[in-house]
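Structure first, then comments.
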Amino acid sequence: MGERYLLRGNEVIAEAAIRAGCQCYFAYPITPQGELVEHMARHMPRLGRTFIQAESEVAAISMVYGAAAAGVRTMTSSSSPGISLKQEGISYIAGSNLPAVIVNVVRGGPGLGNIAPSQCDYFQAVKGGGHGDYHMIVLGPSTVPEAGELTMLAFELADRYRTPVMILADGLLGQMMEPVELPESLELSKLPQKPWAATGAKGRDPNIILSFDLSPENLKRMNLELQAKYAEIRKNEVRWEEMDTADADIVVVAYGSIARIAKTVIRMARAEGIRLGLFRPITLWPYPYEPLRDLADRVHTILTVEMSAGQMWEDVRLAVAERAASPFYGEMGGVVPTPNGILSEVKKYAR
Amino acid sequence: MERSVVIAGFGGQGVILAGKILAQAGMSHGLEVTWLPSYGPEMRGGTANCTVILSDQPIGSPIVDEPSAVIALNLPSLDKFEPTVAKKGILLVNRSLIARDVKRKDIVSHAIPINDIAAQVGNLRTVNMVALGAYVKATGVVPLDAVKRAMAAAMRDGGKEKLVEINEKALDAGYAAIP
Amino acid sequence: MPVDTARMTKVFSRPQSLTEAHFTYCPGCHHGLITRIIGQTIDELGIAERTIGIAPVGCAVFAYLWYRCDALQVAHGRASAVATGLKRARPDRIVFSYQGDGDFASIGTAESIHAANRGENITVIFVNNQIYGMTGGEMAPTTLVSQRTTTTPEGRDPATTGYPIRFSELLAQLDAPVYITRQALYDTRRIMDCTKAIKKAFQNQVDGKGYSLVEILSTCPTNWHMSPLQANEHVATTVTKVFPLGDLVNKGA
């Protein structure tokens, strides 16, 4: 086992981004992801890389657009209200086929809301918060070590598919500390080549980065190419975890922080003779519809637990259809469901 | 076995740091740990708390309904967290600042004059280490030496190496305060 | 008399840095002239292979088509922020943004000011024609008092819409910019001056000096409802009274 460090989720995402070869990071401070910005401010300049505290979230994501177009690994991070401001840029990044990583350490909403943990930005992340027919790959880490692993993966997927990738975390994951083994730093010289990037047209035709075509026929073609890419991502990149589902009668579906709380609930439920399992989507887009559908055939109840009014629940019901009962338990406003709270919900459906 | 503790007090009493040091000591001792702070406006003046879990198994929820121990450094913390302590759990109460008795009869409670001990040690800001020393003695969850090493590392990281000695004394004094 | 072209010397040609694509601009509009001057400048400095242009939203949205160099088309108002990201990622490349008055001085106000304030080593071409050409002749932040536009049909009334904003003067208050100038193109002398200014703004970047801005008072005969000649005359006699020509910042001149 390598050396373990006790670090916050926010710090681990920042450090993993550095180790993934992020060369340009742009952000505007907001709680509860301040430590992420501060970690980058401390370490990026020391490594000869770019840190800019942007004048706004809008500017930060636009700087990401520029750095991504120039062919370097780049990232921005924020929390809910700031992510709303980034939607314009995310749409342009998706439309221009640019790779970029966006971190949302979600807090209570809507509006200014509060700074407590929440999962209320699920729709915005997975259904396309900006304008146009686009998707981001959305990764939902559940532990601090996984936040680091998925940050590394986010850069890899962004480059592979030339697409924005979002890390959808929450205030709890951002703030808590856990032992973590940090990933090896990638060598910048070994990162994927980007012959499409705007680096100066030396010995080749100009590269043009855009999300624009006045001709409906041409724009339709650009859209079809995007959709073909999304089909490829759906085929290759669906990720999920199951725990104790083999003999389960009831399964909790949860992602992120709630999924790890649910793991404690499984232990408690099984101690009381309730055969409870967990289904945890890791990719929230593309969503693991098929494995969840298969699971629905084997259990009587699929209980969705979220820190929202039931946003992911819509995807769960799309997967489950009528194959199993599909109730919902959620908390909002920054209230975090506790193990006891979830257990008492589970007991309502135990037979 | 999973042991959890909520350390709670006024902002400025060092509860967040005490939790970090405990978590660091647990990790160095080979345990799985989680550390979860209360954050935001609470940090600035009101009450602050953090939850630390130490376990020999992977930890699921970093949130606990019924912590196996609570350290209450002020009255609001006692009022808030006394009802949550697990049955047969441990409650450490700062007698220096809390006049009332513990109400629960199904837990083990220790009322210690933590501020007075810190003053005797020579620095009131070592309240958190006195409390942590007492907690380590009362629970035996990690060796006191592991906590001392974690504390020294934390002081060094914060550029406060000269405070290592007095904080060691505070840990010892807290440890000695539990029979 | 037949002309023997073989014996003639070619004294004027299309800049190498411009493509063969036809401009989409209206007759008499200065955008084409500015585009040409930029192309000529890129040629003269020999930087085409390391230059990246940034096209805005507005009449110049197709700017990426005209230059024989890498280019980006970006969101309305964000060109200076995108230029920042691009330049920081590739400090040895030459990055210029081409922005209209709505882009630079209205929707991109924050991005424009802060890129200038950071002293980004970029070149900004700010085309001020006092109107929103592409969307149909609406009011710009630089529209003159009493000027009729499709959103100020009775003329711009300062009581409800404020005054034409002198954005270059605002930026000139900052410590970081090395070159801020306002130029025009209504006669040969101004075209020569503007050409020199654009070259200086690019040369500054090549030399690593920092932020350079060339504001150009441009015409919009179509939406001003004037002939090209009337439009030139209007700039010379009226617009320059509100937006005086000349250097506002010229460090190390």
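Annotations
- Among the trypsin sites (Lys or Arg not before Pro) in region B:67-162, those located in a DSSP loop and surrounded by at most 11 other Cβ atoms within 10 Å of their own Cβ are B:LYS87, B:LYS88, B:ARG100, B:LYS103, B:LYS105, B:LYS160.
- DSSP beta bridges fully contained in region C:20-250 are about 20 percent antiparallel.
- Shape of region A:1-142, Cα gyration tensor, a/c cut at 1.5: oblate
- Stretch in chain C that is longest and holds no GluC sites (Glu not before Pro) that DSSP places in a loop and that have at most 11 other beta carbons within 10 Å: C:21-153
- Hull volume in cubic angstrom per residue (convex hull over the Cα atoms of region B:1-88): 87 Å³
- Each 10 Å bin from zero up to the one holding the largest Cα-Cα distance in region A:141-277 carries the following percent of pairs: 9, 24, 28, 20, 12, 5, 1, 0.
- The three principal axes of the Cα atoms in region C:20-250 give end-to-end lengths of 49, 38, 32 Å, sorted in falling order.
- Every helix of 4 or more DSSP H residues in chain A counts as -39500 (n - 2.57), and over all residues that averages to -12500 deg cm²/dmol at 222 nm.
- When the pairs A:LYS348/B:LYS87; B:LYS103/B:LYS169; A:LYS86/C:LYS200; B:LYS20/B:LYS80; B:LYS137/B:LYS169; A:LYS202/C:LYS10 are compared against a 23 Å limit on Cα-Cα distance, A:LYS348/B:LYS87; B:LYS103/B:LYS169; A:LYS86/C:LYS200; A:LYS202/C:LYS10 fall above it.
- For region A:1-51, applying the loop criterion from DSSP together with a ceiling of 14 other beta carbons within 10 Å to the trypsin sites (Lys or Arg not before Pro) yields no site.
- Considering only alpha-carbon pairs that sit under 8 angstrom and 6 or more positions apart, the relative contact order computed for chain A is 18 percent.
- Ignoring aspartates and glutamates fewer than eight residues from A:LYS235 along the same chain, the ones with Cα atoms less than 14 angstrom from its Cα are A:GLU290.
- Using only side-chain charges placed at the Cβ, +1 for Lys and Arg and -1 for Asp and Glu, the dipole size of the protein assembly as shown relative to its Cα centre rounds to 900 debye.
- Compared with the dominant principal axis of the Cα atoms in chain A, helix A:57-69 is inclined by about 60°.
- Per-residue 3J(HN,Hα) values for region A:243-255, derived from phi via the Karplus relation 6.51 cos²θ - 1.76 cosθ + 1.60 with θ = phi - 60°, read 9, 6, 8, 4, 10, 6, 9, 10, 10, 8, 9, 8, 10 Hz in sequence order (x marks Gly and Pro).
- Along the axis of the charge dipole computed for the protein assembly as shown (Cβ charges of +1 for Lys and Arg, -1 for Asp and Glu, origin at the Cα centre), the listed residues C:THR51, A:ALA271, B:VAL52 are led at the positive end by C:THR51.
- Residue by residue, region C:218-231 carries 3J(HN,Hα) couplings of 10, 10, 9, x, 4, 8, 7, 6, 10, 6, x, 5, 4, 5 Hz when phi is fed to the Karplus relation 6.51 cos²θ - 1.76 cosθ + 1.60 (θ = phi - 60°); x denotes Gly or Pro.
- Taking the Kirkwood radius as Rh and the Cα radius of gyration as Rg, region A:157-211 has a ratio of Rg/Rh equal to 1.14.
- For chain A: rounded, prolate or oblate by the Cα gyration tensor [a/c cutoff 1.5]: prolate
- Karplus 3J(HN,Hα) series, Hz, for region C:8-21 with 6.51 cos²θ - 1.76 cosθ + 1.60 (x for Gly, Pro): 8, 9, 7, 10, 8, 8, 5, x, 4, 7, 9, 7, 7, 4
- Part-to-part distance (alpha-carbon centres) for region A:293-351 and region B:78-145, which is given in Å: 39 Å
- 37 °C / 0.692 mPa s Stokes-Einstein diffusion coefficient of the protein assembly as shown, Kirkwood radius on C-alpha pairs, µm²/s: 112 µm²/s
- Ellipsoid semi-axes in whole angstrom, largest first, where each is sqrt(5λ) of the Cα gyration tensor of region C:1-139: 30, 20, 11
- Across chain B, the convex hull enclosing all Cα atoms gives 107 Å³ per residue.
- Amide H partners (placed H, <5 Å) of A:VAL138, local residues excluded: A:MET166, A:LEU284, A:TRP285
- Amide H contacts of C:LEU18 (H built 1.01 Å from N, under 5 Å, at least 5 apart or other chain): C:ARG68
- Distant-in-sequence amide H partners of A:TYR5 (H built 1.01 Å from N, under 5 Å): A:VAL180, A:GLU181, A:LEU182
- When the helices of chain B are scored as -39500 (n - 2.57) per DSSP H run of n ≥ 4 and the total is divided over every residue, the value at 222 nm lands at -12000 deg cm²/dmol.
- Semi-axis lengths, largest first, of the ellipsoid equivalent to region A:240-349 are 18, 17, 12 Å, with √(5λ) applied to each eigenvalue of the Cα gyration tensor.
- With Cα atoms, 0 to 90° folded angle of helix A:9-19 axis to chain A main axis: 40 degrees
- When you filter the GluC sites (Glu not before Pro) in region A:258-351 for DSSP loop state and at most 12 other Cβ atoms inside 10 Å of their Cβ, you are left with A:GLU272, A:GLU322.
Values quoted throughout were computed directly from the atomic coordinates according to the rules given, and no laboratory measurement underlies them. From a predicted model like this one, the values you see are computed outputs, not experimental measurements. Note that each Cβ is placed from the backbone with ideal geometry, even for glycine, and that neighbours are counted across all protein chains shown.
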